[in-house]
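This report refers to the structure that appears directly beneath it.
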Amino acid sequence: MDAPSRLSTRAVLGRRAMMVNLILTMFVSGVLEVVADIDNVFPVLYTTNPVARHIACVVAAGTPSVCTLAGYDNETRPLDFLITSLPSSGTLYETSQNYRTYGTDPKYAPTPIEVHELPFTLTDGLHRIVYVPPSDIFPPEGRWGSLTYTVQEPDSGEISMSAQVSFSSPDSHIASSTFIGGIDSWMITGNIHSTTPTWQAFGWGLLNRYIYSADEVQYLNLETGADRTKWYFVAPSGKFYLPEIAAAYGGTLKFTIASTYGDFNYLNKPLDFITLECASCNSGRGMRIVRFADNGLEWDGTETTVEVTLAVDNFWKRDPMNTALPFTEATECEIAAVLAGLTSLKILGDFTMAGEGVALDDVSISGRDDQPAFPLACQQGCTCSHDTRFKRISCCGSSTSTYYPIA
């Protein structure tokens, strides 16, 4: 190789080495510092003011439905409302001029809001939008669709965190499984063999095409006689673990349950009937709340429609995930945060000390009639125990005095 070629090769290698060193320097000083950000030099950005509120709007089949968005500013400044995403089904419109003036049909403007217009600033002074569901189809089990929006204070430019809007079914369902055509991706956990329930394609009392499972193992505590492990029905992620479940705060969780066999005179203890979990809550350590089979929720195996309110003061308990600590009353923000970040919904099947068979049908999560219902203070965030200078909803459930192990 001649001298000019060697010089050219050295120059190329030198430039490559400089680029590698630059990338490594950026990575070490930037990315690694964020990952190991012990001193919160790069805190997670979370806007506590203004606030765009979570909303659930009931939509009837074939009916254009008006939905009113809501925002909050602690200085009562006027806010702009910006649509940041559109529902995956159906069509979204602004309100028409005649509806704004006279309240007459047609409710919606001549042209829909399109993707290329996002973020779209609403011009309706009452912050209303019109959702038109897909035509000539039956209502869905859960919501028709959903969107996100933000609010912005125009003078300062301060913009809120995204809020969820659920266009719920005519029955106010945000999420639901009726098991009309199968098990709907529900699972079984805690049994020795079965991981999926059996689909029963017929009616039995109030149950009409439902899922079923039975106890396969009795691993008993010889002192108490109760099962050391219990089995549960587990909801599917694609239908129930949705950000718009946040709008269900104050609403209900409802299902029908019946036993085919089992001695309900000898029950396991404790009976954690309904369990909700959030992996991102408690600063990423996870949080679990439980509704036990007590205070009016006792079950003797007979066909029963269970309905529980998803709000504080309804006997929800916070699981300390530490056997040395007691369960505590779940706070408003603990319940709200779990719903906003829901990652697990389990319904107990293993009620008795011996074997049992349990059928489940018509599971639904519904929003409250009056909206918004999600607590404003919780949406503004909870104080982070690792650094009290910051607030965000993912810090709800954290504590400076209690250690919670990772779920």
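Counting only strands (runs of 3 or more DSSP E) that fall entirely inside the range 165-218 and contain at least 3 residues that are open to solvent by 50 Å² or more (accessible area, probe 1.4 Å), the qualifying elements are 198-204. Restricting attention to the range 140-155 and to residues that are part of a loop (DSSP other than H, G, I, E, B) and in contact with a strand residue (DSSP E or B) (Cβ under 9 Å, 6 or more places away or on another chain), the residue that is surrounded by the fewest Cβ atoms within 10 Å (Cβ to Cβ) turns out to be PRO154.
Quick grid of which residues meet (1) at negative phi; (2) at pLDDT 95 or above; (3) surrounded by fewer than 22 Cβ atoms within 10 Å (Cβ to Cβ):
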{"residue": "LYS230", "(1), (2), (3)": "yes, no, yes"}
{"residue": "GLU244", "(1), (2), (3)": "yes, yes, no"}
{"residue": "GLY251", "(1), (2), (3)": "yes, yes, no"}
{"residue": "THR256", "(1), (2), (3)": "yes, yes, yes"}
{"residue": "ASP263", "(1), (2), (3)": "yes, no, yes"}
{"residue": "LEU267", "(1), (2), (3)": "yes, no, yes"}
{"residue": "ILE274", "(1), (2), (3)": "yes, yes, yes"}
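Scan the range 238-265 for residues that are among the aromatic types (Phe, Trp, Tyr) and either over 18 Å from LEU297 (Cβ atoms) or within 16 Å of the chain's Cα centre (by Cα) (or both) and report the count. Final tally of qualifying residues: 4.
Only one entry of LEU325, LEU348 meets the criterion of being under 20 Å from PHE240 (Cα atoms) and touching a residue at least 24 places away in the same chain (Cβ under 8 Å), and that entry is LEU348.
Only one of the numbered conditions (1) in a strand (DSSP E or B); (2) free of Cβ contacts under 8 Å to residues at least 60 places away in the same chain; (3) not hydrophobic (A, V, I, L, M, F, W, C) is violated by GLU277, and that is (2).
Which one of ASP124, ASP136 is assigned to a loop (DSSP other than H, G, I, E, B) and surrounded by 18 or more Cβ atoms within 10 Å (Cβ to Cβ)? Testing whether each residue is assigned to a loop (DSSP other than H, G, I, E, B) and surrounded by 18 or more Cβ atoms within 10 Å (Cβ to Cβ) leaves just ASP124. For the range 275-294, indicate whether the set of residues that are over 28 Å from TRP199 (Cβ atoms) and acidic (Asp, Glu) is non-empty. Taking every residue of the range 275-294 in turn, at least one turns out to be over 28 Å from TRP199 (Cβ atoms) and acidic (Asp, Glu).
The values are calculated or read from the model by the stated rules, or taken from the named source; none is laboratory data. Predicted model, so just to flag it, every value in this text is computed and none were measured. All Cβ positions, even for glycine, are placed from backbone atoms using ideal geometry, and neighbour counts span all protein chains on display. For accessibility, only protein heavy atoms count, side chains too; no ligands or nucleic acids. Shrake-Rupley method; radii C 1.70, N 1.55, O 1.52, S 1.80 Å.
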